[in-house]
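Novice: I have a structure I would like to understand better, so I am pasting it below and will then ask my questions one at a time.
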Amino acid sequence: MKSGKLLGIGVGPGDPELLTVKGARLLNNCRHLFVPKAKIKSESLALDIAKGYLNEKTEVYELIFPMLTDKEELERCWNESACRIAEVLKKGEDACFLTLGDAMLYSTYIYLIRALMEILPDVEVETVPGVTAFSAVAALINFPVGEGKELVTIIPAADDLETIRKALKNKGTVVLMKIGIRLQGILDILEEEKVIDDAAFVAYAGHGKERVETDLRKLRSERPETGYLSTILVRTRASDTK
């Protein structure tokens, strides 16, 4: 029996209306839907975004992807989730998997399909792109990401924040993603490099929890979790044409 197809669907950053027409159509016809969540007791944000497009016969399966840094534990989670999806596909039935933003940009989906291909080498995978968080943020605050031939640098904030410092010396725009608990350290660097006044912060873009700050100094007294699901856009001083 030929195995079913996995359909990976990027749902965008938060606004259900930013889901693509193709993604909405596939979800409406979806029988088996796998959704990611960070904790057992938490809700799936991806499912919350897409739920309005599902039909009453859709069966939803939750996959736990904890926010960890231990590579072995992460690989275990990816493999377990891939096995659950493979069980459905082996029956010859298609399945959908939801992912925030775009499916191929810093997404757990990337690791998931690699693990799935180890189990089902001939599996068919179709990926539907989604609106990236930084695209939605830029549109929300009318922040030009790229002008002319200027560089656009996308950085996932890591524990070594010096990568950010180096990028801020380039001419163009710096996009900071995966900020999380590193928010205060990032603010320190933006202040030291004198670009904090040329930056904008948006969390939960398009979602009910949406927060926009163009004065990033207001974030100085915030709790660590403020940086979750947030993006910072920075227009570097080097890009000024004055």
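Novice: Whose amide H sits under 5 Å from the amide H of TYR61, counting only residues 5 or more places off or on another chain, with H placed in the peptide plane?
Specialist: Answer set, sorted by chain and number: LEU33, PHE34, VAL35.
Novice: Under 5 Å between amide H atoms, partner at least 5 residues away or on a different chain: which partners does LYS90 have, H built in plane at 1.01 Å?
Specialist: Here GLY4 satisfy the definition.
Novice: Say each of ASP15 and GLU126 gets a label point 7 Å from the Cα, pointing the same way as Cα to Cβ; how far apart are those two points in nm?
Specialist: 2.7 nm
Novice: I'd like to know how region 44-154 sits against the 2.2 N^0.38 Å rule of thumb: what's its Cα Rg over that expected value?
Specialist: Values: Rg = 16.8 Å, N = 111, 2.2 N^0.38 = 13.2 Å.
Normalised by 2.2 N^0.38 Å, the Cα Rg of region 44-154 equals 1.27.
Novice: Let me ask something else. I need the phi-derived Karplus couplings for region 131-147: 6.51 cos²θ - 1.76 cosθ + 1.60, θ = phi - 60°, integer Hz, Gly and Pro marked x.
Specialist: Those phi angles translate into 5, 6, 4, 5, 5, 5, 5, 4, 5, 4, 10, 6, 9, x, 7, x, 10 Hz.
Novice: Taking 20 °C and 1.002 mPa s as the conditions, I'd like the Stokes-Einstein D for region 13-66 in µm²/s, using the Kirkwood hydrodynamic radius from alpha carbon pairs. All intermediate terms of the calculation are to be shown ahead of the outcome.
Specialist: Working: Rh = 11.6 Å.
The diffusion coefficient I find is 185 µm²/s.
Novice: How high is the relative contact order of region 1-102, in percent, counting Cα pairs under 8 Å that sit 6 or more residues apart? Don't jump to the answer; show the numbers that get you there.
Specialist: Values: 177 pairs, mean separation 49.5, N = 102.
49 percent.
Novice: Which whole-Hz ³J(HN,Hα) couplings does region 48-58 yield from phi under the Karplus relation 6.51 cos²θ - 1.76 cosθ + 1.60, θ = phi - 60°, glycine and proline marked x?
Specialist: These are the phi-based 3J(HN,Hα) values: 4, 5, 9, 4, x, 9, 7, 9, 5, 9, 5 Hz.
Novice: Past 31 Å, Cα to Cα: identify those pairs from LYS91/LYS178; LYS5/LYS71; LYS2/LYS51, in the order given.
Specialist: On the way: LYS91/LYS178 37 Å; LYS5/LYS71 28 Å; LYS2/LYS51 29 Å.
From LYS91/LYS178; LYS5/LYS71; LYS2/LYS51, over 31 Å: LYS91/LYS178.
Novice: Once fully extended, how much extra length lies between ILE119 and ASN142, figured as 0.36 nm per residue of separation less the alpha-carbon to alpha-carbon distance?
Specialist: On the way: separation 23, 0.36 × 23 = 8.28 nm, distance 4.44 nm.
Full extension from ILE119 to ASN142 adds 3.8 nm.
Novice: Assuming 0.692 mPa s and 37 °C, estimate D for region 144-220 with Stokes-Einstein, Rh taken as the Kirkwood radius over Cα pairs, in µm²/s.
Specialist: Numbers: Rh = 13.2 Å.
Answer from the Stokes-Einstein relation: 250 µm²/s.
Novice: Rg (Å, one decimal) plus Dmax (Å, integer) for the alpha carbons of the chain?
Specialist: In order Rg, Dmax, the Cα atoms of the chain give 19.2, 66 Å.
Novice: Once Lys and Arg get +1 and Asp and Glu get -1 on their Cβ, which of LEU100, THR236, ILE113 lies farthest toward the positive end of the dipole of the chain?
Specialist: Ranked along the dipole, the leading option is THR236.
Novice: What trypsin sites (Lys or Arg not before Pro) in region 55-117 are in a loop by DSSP, with at most 13 other Cβ atoms within 10 Å of the Cβ? Don't skip to the end; give the middle numbers.
Specialist: Working: sites: LYS57, LYS71, ARG76, ARG84, LYS90, LYS91, ARG114; in loops: LYS57, LYS90, LYS91.
In loop regions of region 55-117 (DSSP not H, G, I, E or B), the sparsely surrounded trypsin sites (Lys or Arg not before Pro) are LYS57, LYS91.
Novice: Which three numbers, in whole Å and largest first, are the semi-axes of the equivalent ellipsoid of region 49-96 derived from its Cα gyration tensor as √(5λ)?
Specialist: Working through the eigenvalues yields semi-axes of 25, 16, 6 Å.
Novice: What is the Cα centroid distance between region 168-223 and region 38-91, reported in whole angstrom?
Specialist: 29 Å
Novice: Distance in nm between label sites at LYS51 and SER221, each 7 Å beyond Cα in the beta-carbon direction?
Specialist: 3.5 nm
Any read-out appearing in this document is the output of simple, stated calculations on the displayed coordinates, not a laboratory observation. Given the structure is predicted, the values throughout are model-derived calculations rather than measurements. Note that each Cβ is placed from the backbone with ideal geometry, even for glycine, and that neighbours are counted across all protein chains shown.
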